[in-house]
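Asker: Structure below; questions to follow.
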Amino acid sequence: MGNKNNSTIFFCKECGFESAKWLGQCPGCKEWNVFVEEPVVKKGKSYIREAVNSVKPSLLSEISLEMEDRIKTGFEELDRVLGGGIVKGSLILVGGDPGIGKSTLLLQVCRMITNDNKKVLYVSGEESLKQIKIRANRIGEFNNELSLLCETNLEVIEETIKKYKPEVVIIDSIQTMFKNDISSAPGSVSQVRESTNVFMQLAKQLSISIFIVGHVTKEGVVAGPRVLEHMVDTVLYFEGDRHASYRILRGVKNRFGSTNEIGVFEMQESGLSEVMNPSEFMLNGRPVDASGSVIACSMEGTRPILIEIQALVCRTNFGMARRTAAGTDYNRVNLLMAVLEKRAGIQINDCDAYVNIAGGMKINEPALDLGIILSIVSSFKNRAIDSKTIVFGEVGLSGEVRAVSMAEQRVAEAKKLGFKVCIMPSASVENVKNCEEMKIIGVRNIMEAIDYI
Ligand code: TYD
Ligand code: MG
C-alpha cells in the first residue's frame, strides 16, 4: 500500500500493517491507536526477495535429518519447544514482557552451550558489560569463555559476527538495534524489520543460529515482536505472572517442529530452573474439599498438565450478573453457563460467576469444558468434589460431552499423581487402557456428570 512519492508511511506497531495514511483502527489486527508515522525505507519490501536469493535449492534426497544439525541448549524444556534443539542457521525470536526473564534464559543457554565448547557471542544493546557480569555471577560458573559485545549499530555487529564466526549469537534486544542509513529511531517498525532482515541473511549465509530478543510493548512507539513473526523461523513467547515464580515458554511458530509445545521454568535466586513435572507444580497448595474446585487435565502439545479450575458462584446484588474468567476464555464460560441453565435446568442467570485457572496458566482447550461446568455446579450447590477426582471432556451446545484426543495420556498423568477417579467422555473410554487402579466414569452428557458428583 505504500505510496512511493510520499516520504513517510504509516505502520501499525502491533502487526506491521502499512498504510499511506493514518488510520484509527488497524485493518490487520483490529487494534486501535497503533499507527505510527515513519520515513519510507528506501529498500521497501525487498527483504523477502533477498532472503530467498541467499538460499540455494537442495536435493530432497541429500537432506540429512541427523540430530547433529541441532545444538542442545542444555534445557530439555527449551529443546522440546524448539523441536529437539537449536537448528543451525535458524533465526529464533524470543518475545515477552520486559522483566519476564528473557535475558536470563538466554544467558543460561549461553553458559551451557559454551561449556559444550561452542563459540557464542552475546550482543547486548540494553545492559553494560558489568550488568551482564553480575547476572552471569548469579546463574553460575562459566567454564569456557563467552564473548560479550555491547553494541547497537547493525553494521558493527554484522562485521563482528563475520569476523568472529560464532556458532550461536544472541541479540538482546532487537528494539535497540539500528542501521545508520534508516532515519527513523531504534525500535521503530522500519528499523526493527531491517535489523531482523540483516540477521536472517547472516544466519542463512554463515549457517549460524541467532536468537533475537523482542520486548512485548503494550504502549509507546516501540514496535512489538509481532511485526517480525512472519520473518523469522521460530517464534517463542516467554510468559508468566509477575507475581508467580513460574514461567512458560510457548512455541508460536516453528519451521522445524511442532508449535504447541510448552516449556515450564521457575525463576529462582540463581536464574531459571526447569520444571520437569508441571502438574505437581500447578496443584501445589490447592484447597482440599473446597467447593468450586475441580482438577482438570489439559494437553499442552504432547504433554498432559493437571490444573485446578476454581469457580465462585453467588447471587448477584445488582441487576446485571457479573461474570469473569481468568486464564480461560470469557465467552466460553458464558456459553457453558447458558448450556448449564438450559440443559441441566440449573438457575444461574441471576448469579455472579467468577472462574479462574489457578496458578495463572492460560488455557483455552475445549477439554476443560466439563471441568468448568462441574466447578460452577460445585460452587453453586456448595458441595465439594472429591479431591482425588479429575475431569475432562468437551461440552457441546446440547449438553453432550464429546470425545477428546489423547485420553489415555491424560488418565496416565492423573494416575501418576495419585488420582483415583476420572470423569471423562464415554466415547473416549475405549481409548484408555491399563488403568486398573483408576475408576473411569464415562459420561455422555453434563446431566450424567452432575448426577455422579
Ligand atoms: P531479565 O532476564 O532481565 O528479563 P528480560 O530480559 O525479559 O527483561 O529478568 C529480570 C528479572 O528476573 C528480575 O526481576 C530479576 C529476576 N531474576 C531472578 O529472580 N533471579 C536471577 O537469578 C536473575 C538473573 C534474575
Ligand atoms: Mg533483558
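The values are calculated or read from the model by the stated rules, or taken from the named source; none is laboratory data. Everything numeric in this text was worked out from a predicted model, so none of it was measured. Please note: Cβ atoms are built from the backbone with ideal geometry, for glycine as well, and neighbour counts cover all protein chains shown. Note: areas computed on protein heavy atoms with side chains; ligands, DNA, RNA excluded. Shrake-Rupley method; radii C 1.70, N 1.55, O 1.52, S 1.80 Å.
Asker: Given the condition touching an Asp or Glu at 6+ places or on another chain (Cβ under 7 Å), open to solvent by 10 Å² or more (accessible area, probe 1.4 Å) and within 16 Å of ligand 2 (Cβ to nearest atom), answer yes or no: does some residue in the range 194-214 qualify?
Answerer: The answer is no; no qualifying residue exists.
Asker: Within the range 73-98, how many residues turn out to be open to solvent by 10 Å² or more (accessible area, probe 1.4 Å) and among the polar types (S, T, N, Q)?
Answerer: Qualifying residue count for the region: 0.
Asker: Follow-up. Lys416 is checked against (1) more than 22 Å from Leu335 (Cα to Cα); (2) in contact with a Lys or Arg (Cβ under 9 Å, 6 or more places away or on another chain); (3) surrounded by fewer than 16 Cβ atoms within 10 Å (Cβ to Cβ) and fails just one. What number does that condition carry?
Answerer: Going through the list (1) more than 22 Å from Leu335 (Cα to Cα); (2) in contact with a Lys or Arg (Cβ under 9 Å, 6 or more places away or on another chain); (3) surrounded by fewer than 16 Cβ atoms within 10 Å (Cβ to Cβ), Lys416 breaks only (2).
Asker: Looking for whichever is touching a Gly at 6+ places or on another chain (Cβ under 8 Å), under 21 Å from Asp172 (Cβ atoms), touching a residue at least 24 places away in the same chain (Cβ under 8 Å) and of a type in the set (Ser, Thr, Tyr) here; the options are Ser209, Ser195. Which one fits? Write out each step before concluding.
Answerer: Working: Ser195 fails: touching a Gly at 6+ places or on another chain (Cβ under 8 Å).
Just one listed residue meets the conditions, Ser209.
Asker: Any idea which of Gly263, Gly327, Gly257 is open to solvent by less than 50 Å² (accessible area, probe 1.4 Å) and under 27 Å from Val421 (Cα atoms)?
Answerer: Values: Gly263 fails: under 27 Å from Val421 (Cα atoms); Gly257 fails: under 27 Å from Val421 (Cα atoms).
Just a single option satisfies the conditions, and that option is Gly327.
Asker: Looking at the range 172-224 only, could you name the residues that are within 15 Å of ligand 1 (Cβ to nearest atom) and among the polar types (S, T, N, Q)?
Answerer: If the condition is that a residue be within 15 Å of ligand 1 (Cβ to nearest atom) and among the polar types (S, T, N, Q), then Ser173, Gln175, Thr176, Thr217 are the ones that fit.
Asker: Does any residue of the range 269-283 turn out to be under 10 Å from the mean Cα position of the chain (by Cα), in the same structural domain as Ile132 (by TED's automatic domain parsing) and open to solvent by 20 Å² or more (accessible area, probe 1.4 Å)?
Answerer: We begin by selecting, within the range 269-283, every residue under 10 Å from the mean Cα position of the chain (by Cα); these are none.
Within the range 269-283, not a single residue is under 10 Å from the mean Cα position of the chain (by Cα), in the same structural domain as Ile132 (by TED's automatic domain parsing) and open to solvent by 20 Å² or more (accessible area, probe 1.4 Å).
Table: residues versus (1) within 14 Å of ligand 1 (Cβ to nearest atom); (2) within 25 Å of the chain's Cα centre (by Cα); (3) open to solvent by less than 10 Å² (accessible area, probe 1.4 Å).
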{"residue": "Ile100", "(1), (2), (3)": "yes, yes, yes"}
{"residue": "Thr104", "(1), (2), (3)": "yes, yes, no"}
{"residue": "Ile113", "(1), (2), (3)": "no, yes, yes"}
{"residue": "Val120", "(1), (2), (3)": "no, no, yes"}
{"residue": "Gly125", "(1), (2), (3)": "yes, yes, no"}
{"residue": "Arg135", "(1), (2), (3)": "yes, yes, no"}
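Asker: Can you pull out the helices (runs of 4 or more DSSP H) entirely within the range 340-453 that have at least 1 residues that are among the polar types (S, T, N, Q) and assigned by TED's automatic domain parsing to the domain that holds Asp329? Step through it out loud before you land on a result.
Answerer: Numbers: elements: 369-380, 407-416, 426-429, 446-452.
So the answer is 369-380, 407-416, 426-429.
Asker: Still on this model: Residues that are more than 29 Å from Arg193 (Cβ to Cβ), more than 16 Å from ligand 2 (Cβ to nearest atom) and within 27 Å of the chain's Cα centre (by Cα): does the range 138-156 have at least one? Can you show your working first?
Answerer: Let us first name the residues in the range 138-156 that are more than 29 Å from Arg193 (Cβ to Cβ), namely 138-145.
The next check asks that each one be more than 16 Å from ligand 2 (Cβ to nearest atom); those that pass are 140-145.
Subset that is within 27 Å of the chain's Cα centre (by Cα): 140.
Looking through the range 138-156, at least one residue is more than 29 Å from Arg193 (Cβ to Cβ), more than 16 Å from ligand 2 (Cβ to nearest atom) and within 27 Å of the chain's Cα centre (by Cα).
Asker: Another question, then. Just to be sure before I move on: is Thr217 assigned to a loop (DSSP other than H, G, I, E, B) and open to solvent by less than 50 Å² (accessible area, probe 1.4 Å) in the structure I sent?
Answerer: yes
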